[in-house]
Amino acid sequence: MLTKDRAVCIRTVDYSETSQILTLFGRLSGKIRAIAKGSKRAKSAFEGPIEVLSFGQIMYSPAYEGKLATLTEFQQAPVRGAIRGNLFTLHCTLFAAELVDLLTDDYDPHPDLFDQFIGFLQDIEEGKLETTRRDILIRLALFQLVLLYEAGLRPILGSCVNCKRPFRPDWGETYFSHTANGLVCRDCEMSFPDKVLLSTKAAKYLTDVKQIANADDKTLDEIERVLIRHLTGILGHRLKMAEYVQGSSNAKV
């Protein structure tokens, strides 16, 4: 039985001279690993190789007995090339795709996360989102926080993880600890050797993400470093695209 869904391609691997194995993230299906037979042929039903970040309506035959699903149709949305027209934008959207692949399970749908991801891509392609470094970083940071929430890994950002004291800008010093999964106040930081000191601005915007669009460039860089450090700790290995996201600010994880 064929299944219809709306999906974005988050990973591709060449299977043969003519076919690809794809990882797709569907709105209703969740993550799907499927073979696209003949997709690399110029006159295939897919009109050539399928690229990462392409999105649209799909039809597939679900996997069975441990085998891959089979993609039979992919009606890709028209693109202007805005994502690939800016290197930093491309790196950030590829990073988002990498995170979705690593932090979601097969056939475990996350409609809200899908909508956030597709909205991110469409706003770039349709010119609704400026491809400046600042605007892309804002959307990436918000997407990462939604992803953590959807994956059941939401960090505690409104209070100290240890003593539960509500965050206030006058704490003096505020830290983020990966092992604690959230903010730590000055009185508790000695218990968490992995903590990193946050600027007052970074702490403020992390605790009130609705205001993150007002953050200056330096603070956005700091927030992204903290998120990447946290995600790296969760996954236990370096993320392939992280260095490219941070590279333009010469930041290190």
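A few points about this structure:
- Candidates Met59, Met190, Met241: whichever shows maximal mean-square fluctuation once the chain is modelled as a Gaussian network with Cα springs under 10 Å: Met190
- Beta bridge orientation in the chain: antiparallel %, DSSP, nearest 5: 90 percent
- Choice from Gln57, Gln76, Gln211 with maximal GNM fluctuation in the chain (Cα, 10 Å cutoff): Gln211
- Restricting region 96-155 to trypsin sites (Lys or Arg not before Pro) that sit in a DSSP loop and have at most 10 other Cβ atoms within 10 Å of their own Cβ leaves Lys128.
- Helix 111-125 axis, angle to the chain major axis (alpha carbon atoms, nearest 10°): 80 degrees
- Rounded tilt (10° steps) of 87-103 against the dominant C-alpha axis of the chain: 90 degrees
- Summed residue charge, Cβ within 11 Å of His110's Cβ, Lys/Arg positive, Asp/Glu negative: -3
- Here the chain is assigned +1 on the Cβ of each Lys and Arg and -1 on the Cβ of each Asp and Glu. Its dipole about the Cα centre then comes out at about 100 debye.
- On Cα atoms only, tilt of 217-235 relative to the major axis of the chain in degrees: 70 degrees
- Sorting Leu24, Leu137 from the fewest to the most surrounding beta carbons within 10 angstrom yields Leu137, Leu24.
- Of (1) 14.6; (2) 17.2; (3) 12.3, the label for mean projected area of the Cα convex hull in nm² derived from the coordinates: (1)
- Residues in region 69-75 carry Karplus couplings, in order, of 5, 10, 7, 10, 8, 9, 8 Hz; the curve used is 6.51 cos²θ - 1.76 cosθ + 1.60 with θ = phi - 60°, and Gly or Pro positions show x.
- In straight-distance terms, cross-link reach from Lys240 covers every one of the lysines whose alpha-carbon lies under 26 Å from its own, apart from those fewer than eight places away in the same chain; here that gives Lys31, Lys40, Lys195, Lys218, Lys252.
Read the figures in this text as sums done on the coordinates, not as results from a lab. Fair warning: this is a prediction, and the values are worked out from it, not measured in the lab. Reconstructed Cβ throughout: ideal geometry from the backbone, glycine too, with neighbour counts over all protein chains shown.
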